[in-house]
1. Could you please tell me the mean projected area of the C-alpha convex hull for the range 365-484, averaged over all directions and given in square nanometres to one decimal?
2. Using helices alone, what [θ] at 222 nm do you get for the chain, with -39,500 (n - 2.57) per DSSP H run of 4 or more residues, divided over all residues and rounded to the nearest 500?
3. Let me understand the range 485-544 better: what is its radius of gyration from the alpha carbons, and its Dmax, in angstrom?
4. Rounded to a whole number of µm²/s, how large is the Stokes-Einstein D of the range 414-465 at 20 °C and 1.002 mPa s, given Rh as the Kirkwood radius over C-alpha pairs?
5. Please give the net charge around residue 475, taking every other residue with its beta carbon less than 11 angstrom from that of residue 475, where Lys and Arg add +1 and Asp and Glu add -1.
6. If amide H atoms are built 1.01 Å from N in the plane of the peptide, which residues on other chains or at least 5 residues away come under 5 Å of the amide H of residue 744?
7. Could you give the dipole magnitude of the range 643-712 about its Cα centre, charging the beta-carbon of Lys and Arg +1 and that of Asp and Glu -1, in debye to the nearest 20?
8. On each of the three principal axes of the Cα atoms of the range 274-414, give max minus min coordinate, whole Å, ordered largest first.
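The values are calculated or read from the model by the stated rules, or taken from the named source; none is laboratory data. The model shown is predicted, which means the values in this text are computed figures rather than measured ones. Cβ placement follows ideal geometry from the backbone for every residue including glycine, while neighbour counts extend to all protein chains displayed. Only protein heavy atoms, including side chains, enter the accessible area calculation; ligands, DNA and RNA are left aside. Shrake-Rupley method; radii C 1.70, N 1.55, O 1.52, S 1.80 Å.
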Amino acid sequence: MNRSLVLVLSSVLMWCVSASLQAAPPQIARVSPLAVVPGKSIDLTLYGQQLTGPSSLWSTFAARTEFAAASDESSQKGEKLLCHVTVPRDEQVGVGALRVVTGEGVSNAILVMVDDLRSVAETADNHSVEQAQLLDLPLAVDGQSDSIQEDYYRFYAPAGQRYTFEVVAQRLGSKLDSVLRLLNAEGEEIARFDDAQGAGGDSRFSHTFETEGNYLLAISDVRHLGGAEYFYRLRIGQFPLITAVYPAGGRCGQVNSFQLVGNGVDQFSPLHVALPKVSDPRLLPYSVRSSQDDGSSWFQVQSSPGEQMLEQEPNNEVAEATVATFPGVINGRLEQPGDRDHFRFHATKGQRLHAVAMTRSLGSPCDLYLSLHKADGSQLAVAPQARDTVLDLLIPEDGDYVLRVEDLLSGGSSEYVYRIDLQEAFFGFALHAENMQYVAPQGGTVAVKVLATRSGFNGPIELAVEGLGLGVVLENNRMEAAETLMKITLPADLPQGAMRLARIIGKVKDGDQEFTVAATQQTPLLAMFPNTLSLPSALIETVAVGVGPPFAPFFELVVPENRAYFPQIVGTSTFDVEINRINAAFKEAVALTVNGLPEGITAEVAPVEDGAKAYRVTLKGPADVSLGTFPISIVGTATFQDQTKVAALENVTLQVCQPLVVSLKVPGPIVVGGSQAAEIHLQRFGAEPQPVRVQVSDGPPGLTAPILLTIPSDANQASLSLGTTSEVLPGKFDNLTVVASTSVQGQNITVHSEPVSGEIQAPPAEPPAEGEPSP
């Protein structure tokens, strides 16, 4: 049976913690095939979780995507997504990245190739010479290495034919450290190839076959490891094998000439390329297609603004140093073992030299040793060793300076190319976000941990974010130490299912000068793709922010009967706002405001007990305020899981009243000749309450009630017995009211209740006597 090509990204589980707890963002675990094709449409299948309802497929290369309907169980479960991907004909061969975007957010990035070779899948059980998989060249095989075993492939080669064999594995994020073995038809080894110049841990070679016949190719991991994370793409064709390019970059917006180094490159070198305009240095892929039109080789060069310089030999000594411009970009090559290059430039006191070297990310095998010297050759500084070396220095005085460039292990060849960007830049710190992608609720907030690696600057750093549109609100965006949890609230007009690339910028002031430093994501990318030489610029320079569903409401406000009172004479009252905590996990405080109060009346809010269930609003104002009703609103604001929500009650009525309110409720019908207990409720205001006298002031004809009912000073409700005369006619009424009288602060008060409705019903008919017919 066929094996699927599996890509497991350990970062998926880590970044999901940062996503909204309500969202279920997509996760990509693997993709098949491992490449899209320039000028063609292919079916690309993503495997993972939460892949239903895609809104777009983001890529670092130009592409148009259509999503197939979920036709099988795996697709309906969100475990598989079929995409019809069309790539323009002029798209360059190389490595790109994909993300899927849904209404739940944005996925992790996955690496794929843009490749003009057709794809076939590895067959199972090809682990012996006898069971070698037959290949019809040219093509690319998507396979997976199993532990202890080799994968065997059989192919035919005419006499005199040159083929290039290339493994693309670590450059796609695979753990495979490949070994390729070329065998004759009987399985006898002709040649063996491990790591290749310019390809990191990937193997590649070109071979010209002297004898016509069948041959074998075996691939395995050098450590005999294997599994889902040890996938590969094996490319075979007559394309040239490019191992280096010189210079390694050029000035943007101009046509630049590049010398190709490798096997079968003579007819293509020099290659003239128009580099696009860019605002910041950027690595760009370019491809060279074989003259037989059966596959391409590719390389990367850096496009950047500013002056570009080529080393001029001889420059092995300080006195022979090539003249350079600062700021500017140096291109050089250590052509022989032990070679040294020197570059002379002028600088003034107080300038900041930030010399950034590129080698490994360009595919060069050299590890640069950089040192800065005075014009007399005395050493000023040495750059610490790193994947790409960086030398920082504050220029001590006006004068000429010499940069010495050499390989750490004294290596050298035509492939030992380098590129050094002499920047006049602030180098006191570097920034990166903790994760590569985040999910924010629509119109909500996402928390992004930003970390600073400080190397001389210990002051505060103000953070800004670009790329999310107008209306972005930032909190905790001032860094005083090594990290901050910056909160980003998205504009409300960013729709669910959208994705934006956010660029984080640090702004500082050092003395009288202001500097900006853009965050780069090399640190988290290195954790995700530890063996990959270089990655698409969009992954390095930005973080992806997906817009998920709106955060669900987690509380609401309740005012009983949507009514509050403010009494004359007393001039103060209280009412409670109940907090209905829809989400049981929401325990935080709620901030309340009362809007629309009549002039002169103010509100104070305090929690009832711990505020978990209610807040008490105290109204204060003049004692002679005019009677009337006023519409007011009550607005509550609270934050839960970094999301701020506002709940409003717009239909609350404030009634300015006398310092006593009486209401009447009749719980059921009054039967002729019977009685019904009505409920009387009092709302008292002021201190030292007095007894209240209540009597019926209006009602239907024939209604009977006590002449007077007295409610004690310590009670706020009473029962009033209602009855009828025997002659009253059944029917409905809507005019039953009571009048209540008391004394408040020495003043006699009389108030009426609102009219209530009810019904007088006829008594039930008596059953007929025994033996008599029913009516």
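1. 11.3 nm²
2. Dividing the helical sum by the residues of the chain leaves -500 deg cm²/dmol.
3. For the range 485-544, the Cα radius of gyration and maximum Cα-Cα distance read 15.2, 44 Å.
4. 146 µm²/s
5. +1
6. 749
7. In debye, rounded to 20, the range 643-712 gives about 100.
8. 57, 36, 26 Å, listed from the longest principal axis down.
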